[in-house]
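Accompanying notes for the structure given below.
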Amino acid sequence: MQTLKTTLLLSLLTVLMVIMGSALGGKSGMVMAFTMALGMNFFSYWFSDKIVLRMYGAQEIGEQDHPVFFNMVRRLSGRAGLPMPKVYIIPSDSPNAFATGRNPQHAAVAATEGVLRILSTEELEGVMAHELAHVQNRDILIGTIAATFAGAISMIGNMLQWGAMFGAGRGDDEEGGGIGGLIGSLAMAIIAPIAAMLIQMAVSRSREYLADATGAGICGRPLALASALRKLHMASQALPMQEARPATAHMFIVNPLTGGGLMELFSTHPPMEERIARLEQMAR
């Protein structure tokens, strides 16, 4: 099932890139975008986890570097029946965590310095169990690939916006441009990144509920995870992650970006109140 979801996601994001390439340069732009998408399909499968970890300056640690945290991950991995993932610490005071990798045999979990500082041992276990649940449920590849493609689509969207301002976006085979000249380019520059975000949101919201439930089972403390989510939500709102990018926001356990009003409709994470309520219901 996860293979089918990954293939569908890659296909949708590839189509988006091809359409945007057509808006940017007609047939030649479409061919270039398709070639780029094929390359990204291959590259993101094998290397997208390394890209994301490097993007946040994550440093790999061993048992000698942080024995309590490292052994916690090893213990939880054993409970979940998973191979020991690589463990990283992100140099950021904003409290958060994520998992990445293409499969359980090539997985990594990362936590910020902030999350290690503000959570109790039980709460931190709940957070890391949640991340290992993403590994166990085999949805880390989808999230990482979505982050890589969404970043590329946003970049092309910016190119389209600037091109429209300065009269670019005309195809080499049509006087009116790839999909209708200036208006088409502007429309695609706005619509395509939103469409990519909606795809991410559809992938992310359901998997967060499942990872909460699975993670609570791994650590055996639904209320500890609920308490951790409550703390992380409040702290991340007060201290958002300055390095965070919209393309990778869905990977974190709580949204690292701030935003209210209309932006809540496009959040990659389900409502925190609902996540906490479900965990409290599990405990009862």
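Where a number appears in this text, it was derived from the coordinates with a stated rule and is not lab data. Computed from a prediction, not measured in an experiment: that's the story for all the values here. Neighbour counts are summed over all protein chains in view; Cβ atoms, including those assigned to glycine, are modelled from backbone coordinates with ideal geometry.
Output the peptides 244-253, 76-85 sorted from most to least packed, where packing is the average of other Cβ atoms within 10 Å over each peptide's residues.
Per-residue Cβ counts within 10 Å, averaged per peptide and sorted highest first, yield 244-253, 76-85.
Given the peptides 47-60, 271-284, arrange them by the average over their residues of other C-beta atoms within 10 Å, most packed first.
47-60, 271-284
On full extension of the chain, what length is gained from GLN64 through PHE47, given 0.36 nm per residue of separation minus the C-alpha to C-alpha distance?
3.4 nm
In nanometres, what is the gap between the two model label sites at ARG245 and GLU113, each 7 Å from Cα along Cα-to-Cβ?
The two pseudo-label positions are separated by 2.3 nm.
According to a simple spin-label model (label point 7 Å from Cα along Cα-to-Cβ), what is the distance in nm between ARG278 and ASN103?
The answer from the label model is 2.7 nm.
Counting other beta carbons within 10 Å of each residue's own, what order do LEU229, LEU223, LEU8 fall into, fewest first?
LEU8, LEU223, LEU229
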